[in-house]
Amino acid sequence: MKKFAPISLRFFVLVAILAVAPTAADLQGDSPRVVRLRDRLASNVLRWGGDAEGGAPFQFHDPEQPDKLVGFEVDLVDALVEQLRSQLDLPQLHAEFVQYDWVSLPLGLEKQDFDLIVSGLEITDENRAKLIFSRPYYVYSLALTVRADETRVKSVEDCLKLRVGTLSGSAAQTYLQELGVEQITAPDGQIESYQDLALGRVDAVLLDLPIAIYNTADDPRFKFVGPRVGQGHYGLGLRPTDDDLAAAIDEALSELIRTGRIRQIYAKWKMWNEDQLQLASGDRPAEAAGLRGATEATVVTTNREAWTFSRYAPPLFAAAGVTVALTFVSMALAMLIGLIVAVCRLYGPGPIRWLALAYVEFFRGIPLLLLLTFLYYGLPHVPYMGVDLAAWQAAIIGFGLNYAAFEAEIYRSSIQSVPRGQWEAARSLGMDDMTAFRRVIFPQAFRTALGPMTNDFVAMFKDTSLVSVIAVVELTKQYQILARTSLKFTEIGLLTAALYLAMSIPLGYLARYLEENWNFGHK
Amino acid sequence: MTQPAIVELRDVTKRYHDKTILDAVSIAIRPGEITAMIGPSGGGKSTLLRSINGLNTIDGGEVIVGENRITQNATQSNDAARRIRRTVGMVFQDFQLFPHLTALGNVCEAPIRVAGKSRREAESRGRELLKQVGLGERFDHYPSQLSGGQKQRVAIARALAMDPQVLLCDEITCALDPELKHEVLDVLEDLRREGLTLIMVTHEIGFARRAADRVVVLAGGKIVEDGPPAQVLDAPQTERTQRFLQNVLG
Ligand SMILES: Nc1ncnc2c1ncn2[C@@H]1O[C@H](COP(=O)(O)OP(=O)(O)OP(=O)(O)O)[C@@H](O)[C@H]1O
Ligand SMILES: [Mg+2]
C-alpha cells in the first residue's frame, strides 16, 4: 500500500485558479472548458462503471426493489450529478450504471463502455498508470478480520505463515505481497474471502474497512484484530483524455465536501470516521468545516432475510431472457455461417475448400473463452482493422463463429448422407446443381442435421454463461450477483438451476423427437 | 426407316479403371419406338442408359439427342446434358422419390423449378398425371406412405410431368413384388399407345415380347443382337444370346 501522495498537479492548479479568480469565469460567461464539457456531455448521460456483484456497501441491488441499485457510491454519484447539473448548466444530465467485473473496470473505461469508475478504486501507482483519478472521496484503511476463536493472530505481521484472503487487484493484496505473506488467496469478488474464512479455508482476511464492516459487522463468527493499516484513498477513475471532465468532477466533489453533503452520505452508511477529515487535505478550511458539521445518521441495514423469493426471482427471470435471446440469435448465426462453410468445403474450388477446412479446424480448436475475450478486449487494438464491438455483439459473434465450425461439420455429414441417387433423380429432371441442392438435397440434409443441432443448441444454453467475462449479465452472472449480495447461494442456485433445466430439458426431448421421428410422413 | 433418329449413340465408349464397360457402342432409336434392352448382369445396360442423359460421363464417341450432343470429357452437369434431360426423362430401379415431398410435390417440383410453370398449372397437370397412373387418391401421401408399385408409378408421373419425348427406364419393376409389377407394366403399355419413345432395360422377357418393337442384347459392353422381339427372342442368332435366354427362361 502506497502512502497517499497528492493526486496530481492538475488538481492543485485547478484549486489555485479557483481560489484566485472564482468569479471571473462566471462574469465572462462560460469558460472554454465548460463549453467543451457541455459538448462532451451533449447526450446528457454520465455512464459510470462498477460491480454490483457482492458490491455492498459500495453499490448493490436493493432487496426491496432488486432492479434498483443502492450503496454509498450510488448516493455519491447522485449527489455528484446533481452538483454537475447546476455547475455545467445541464439540467437533463443523469447517471447510468454499467455493470462490470471489478477486475476489468479499467479495461471497460478504456473501451469507453462508461466514462467513470466509481467502485472503491484505490488510488495506487499501479492504477494511475492506466487512468487518471479525481480528488479522493473516501479515506479507507485495511482491517484484519479473523474467526472469533482465533488466538494466534494479534496483528497482520502474525499472518506471514498463515493463509490470508483478500480481493484480486486490491490495494490490500499489494500490501500483503509487500509484507511477504506467503499464502494469499485473492478471488475476484469481495465476499468470497469472508466465506472462506468462515469455512476455515483461510485464517484471516485483509480488506478495506468499508468492506470488512459491511461483511462482518454484528456477525459473531468474526472479530477484528490489530491496528488498522495501509491507509489510502478511493478516487473516481477517468480516461486520461477526459481531463475536462476530471476537473469538473473535482470541483463538484469539493463542493460536496464543503457543504457537508458527503459527510451525510457516509454517516447514512455508517462509514463516517475521523479519517475522513483528511478529505479537506488540511489546507482547505472551508471544506474542513463541511466535514466537521453535524449530521443525523440514518441506519441502513441489509440482511439476507430481506432477499425473499419475490425479490430475487424477477431479476433472475429477466436474466434468463437474456440467455434465451443470446442463444437463439447466436445459434441462428452459427447455422447460417456453418451452412456457408459446409457448402464451401464440399463444393468449392480448391482454395475455397481449403479455407473452409481451415475455418473448421481453427474455431473448433481455440477455447471459446479466449475468442470472446479477444473479440471484446483485443479487437479494438488490432492495427488498421480494429473494431470496437459492444459486449452483446462480441458475444453473439463469438458464439456464432465458434459454433459455426461444429454446425458446418453436422451439415457436411448430413449432406453427404443424402443418397447419390437423389442427385441423379434431380438432375434427370433437368435441375441444375444449384436447384437440385436447394430443393432436393438440402431439405433432406437439414432434417437430418436438426437433431444434432438441437443438441448443440442445448449445449450453447449452458455455454452462454461464459459471456459474463465480457460484462454481459445473463443467467449465471445474475445468479452470482444476487447470491453474493444476499448470501443465499443455495436457494437462488436451485432456482437458477431450475431455470436452466426448464429451458434445456424440453429442447433435449425435441432433439430426440426430431432424430427419431422426423421421417417424412411417418406419424 | 427414313425417319431420323431421336437418340443416337456413335461409338460410345466407357471405362471404369481401365475396364471397358461400353465398347464403341452405336445404336439409333427412332421416335415412338419401344426398345427393350436385355443382357447379362454387368453387361453395361445401366451404363448405356445413363450415358444417354449424361448421368455417366463417356470416354469416347458421342451421344446425340436432337440438336444436343455429349462427347467425352463433358461433366455430368454440363449444358448439353441439361438440355437433353429436358426431352429425356428417366425412371430408376429404386424410385428415388424425394422423401420430403408428397406425391404431388414430387410431380410438380421440376415443372415449377425447371420449366417455370405456375404452381396452379403444375398442380392441375400433376393431378391429371397421378390419376393417369392410377393414384388419384394419393396426392398428399409421402413416399414412405406408399407401396413400391405406387412409388414407381409416382416416379413415372414425375418424369412425364416434364413432357419428355423419350423415357429411360432402368429395371423399374425389379424391386417390386410380382403382384405389383403389373401395375407398373400396365402404365408403360398406356404410354406406348401415346407415342412416347421408351428405352427400357428389363428382365421381363414376356413383357418385352408383348410390348417392345425392338429388342437389343447387350453383353460384354457390345450389342450382340438387335432386332424385332420375334427374331431376337425366338430365333437368336448368336451363341451369347442363346446362352443368356436359356439362363433367364430356365
Ligand atoms: N461407378 C462405377 N465405378 C466402377 N465401376 C462401375 C461403376 N458403375 C458400374 N460399374 C461397373 O460397370 C459394369 C457394368 O455395370 P452396369 O450397371 O452398366 O451393368 P448392367 O448391365 O446394368 O448390370 P445389371 O443387370 O446388374 O444392372 C459392372 O461391372 C460394374 O461393376
Ligand atoms: Mg443395371
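The values are calculated or read from the model by the stated rules, or taken from the named source; none is laboratory data. Quantities reported herein were computed from a predicted structural model and do not represent experimental measurements. Every residue, glycine among them, receives a Cβ derived from its backbone with ideal geometry; neighbour counts consider all protein chains shown. Surface areas here come from the heavy atoms of the whole protein model, side chains and all, with no ligands, DNA or RNA. Shrake-Rupley method; radii C 1.70, N 1.55, O 1.52, S 1.80 Å.
Checked against the criteria, A:THR151 does not count as out of contact with any helix residue (DSSP H, G or I) (no Cβ under 7 Å at 6 or more places or on another chain), in the same structural domain as A:VAL35 (by TED's automatic domain parsing) and open to solvent by 40 Å² or more (accessible area, probe 1.4 Å).
Checking the structure you have, find out if any residue of the stretch A:219-228 is under 16 Å from A:VAL77 (Cα atoms), out of contact with any helix residue (DSSP H, G or I) (no Cβ under 7 Å at 6 or more places or on another chain), surrounded by fewer than 23 Cβ atoms within 10 Å (Cβ to Cβ) and not aliphatic (A, V, I, L, M). Looking through the stretch A:219-228, none of the residues is under 16 Å from A:VAL77 (Cα atoms), out of contact with any helix residue (DSSP H, G or I) (no Cβ under 7 Å at 6 or more places or on another chain), surrounded by fewer than 23 Cβ atoms within 10 Å (Cβ to Cβ) and not aliphatic (A, V, I, L, M).
Put simply, of A:VAL164, A:VAL146, A:VAL202 the only residue that is in a loop (DSSP other than H, G, I, E, B), out of contact with any Phe, Trp or Tyr (no Cβ under 6 Å at 6 or more places or on another chain) and surrounded by 19 or more Cβ atoms within 10 Å (Cβ to Cβ) is A:VAL202. Of the residues making up the stretch B:159-183, those that are of a type outside the set (Ser, Thr, Tyr) and within 16 Å of ligand 1 (Cβ to nearest atom) number 8.
Only one of the numbered conditions (1) part of a helix (DSSP H, G or I); (2) within 13 Å of chain A (Cβ to nearest Cβ) is violated by B:LEU129, and that is (2).
Here's the yes/no breakdown for (1) modelled with pLDDT of 85 or more; (2) assigned by TED's automatic domain parsing to the domain that holds B:ASN56:
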site	(1), (2)
B:ILE156	yes, no
B:ALA159	yes, no
B:ALA175	no, yes
B:GLU183	no, yes
B:ARG192	no, yes
B:MET200	yes, yes
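What are the residues in the stretch B:101-125 that are at the interface with chain A (Cβ under 9 Å from one of its Cβ atoms) and assigned to a loop (DSSP other than H, G, I, E, B), if any? B:LEU101, B:THR102, B:VAL114, B:ALA115 - these are the residues of the stretch B:101-125 that are at the interface with chain A (Cβ under 9 Å from one of its Cβ atoms) and assigned to a loop (DSSP other than H, G, I, E, B). Screening A:ASP432 with (1) more than 10 Å from chain B (Cβ to nearest Cβ); (2) at pLDDT below 95 gives one miss only, at (1). Restricted to the stretch A:384-480, the set of helices (runs of 4 or more DSSP H) holding at least 2 residues that are among the small types (Gly, Ala, Ser) comprises A:391-417, A:420-428, A:442-463.
Among residues belonging to the stretch B:208-223 that are crowded, with 19+ Cβ neighbours inside 10 Å and either within 14 Å of chain A (Cβ to nearest Cβ) or within 16 Å of ligand 1 (Cβ to nearest atom) (or both), point out the one that is farthest from B:GLY44 (Cα to Cα). So the residue we want is B:ALA208.
Within the stretch B:188-207, the residues that satisfy the criterion of being open to solvent by 40 Å² or more (accessible area, probe 1.4 Å) and within 22 Å of B:LEU245 (Cβ to Cβ) are B:HIS203, B:GLU204, B:GLY206.
If you go through the stretch A:172-194 and pick out every residue that is in contact with a Gly (Cβ under 6 Å, 6 or more places away or on another chain) and assigned to a loop (DSSP other than H, G, I, E, B), you end up with 3.
Can you find a residue that is touching a Ser or Thr at 6+ places or on another chain (Cβ under 6 Å) and closer than 21 Å to A:GLU192 by Cβ anywhere in the stretch A:443-466? Yes.
Under the condition of being open to solvent by less than 20 Å² (accessible area, probe 1.4 Å), more than 14 Å from chain A (Cβ to nearest Cβ) and either more than 16 Å from ligand 2 (Cβ to nearest atom) or in a helix (DSSP H, G or I) (or both), the residues counted in the stretch B:163-184 number 1. Right, A:ASP188: in the same structural domain as A:LEU160 (by TED's automatic domain parsing) and over 26 Å from A:ALA129 (Cα atoms) or not? Spelling it out, it is not the case that A:ASP188 is in the same structural domain as A:LEU160 (by TED's automatic domain parsing) and over 26 Å from A:ALA129 (Cα atoms). In a residue-by-residue description of the stretch B:185-198, the property of being hydrophobic (A, V, I, L, M, F, W, C), closer than 15 Å to B:LEU49 by Cβ and within 16 Å of ligand 1 (Cβ to nearest atom) applies to no position.
Filtered by the rule that a residue be within 11 Å of ligand 1 (Cβ to nearest atom), open to solvent by 30 Å² or more (accessible area, probe 1.4 Å) and not β-branched (Val, Ile, Thr), the stretch B:19-35 gives a lone residue, B:LYS19. Restricting attention to the stretch B:46-69 and to residues that are farther than 22 Å from A:ARG420 by Cβ and touching a residue at least 24 places away in the same chain (Cβ under 8 Å), the residue that is farthest from ligand 1 (Cβ to nearest atom) turns out to be B:GLY66.
Selection over the stretch B:80-100 of residues that are part of a loop (DSSP other than H, G, I, E, B), more than 8 Å from chain A (Cβ to nearest Cβ) and surrounded by fewer than 20 Cβ atoms within 10 Å (Cβ to Cβ) gives a count of 1.
Among the candidates B:GLN3, B:GLN72, the residue that is open to solvent by 60 Å² or more (accessible area, probe 1.4 Å), more than 15 Å from ligand 1 (Cβ to nearest atom) and in contact with a Lys or Arg (Cβ under 7 Å, 6 or more places away or on another chain) is uniquely B:GLN3.
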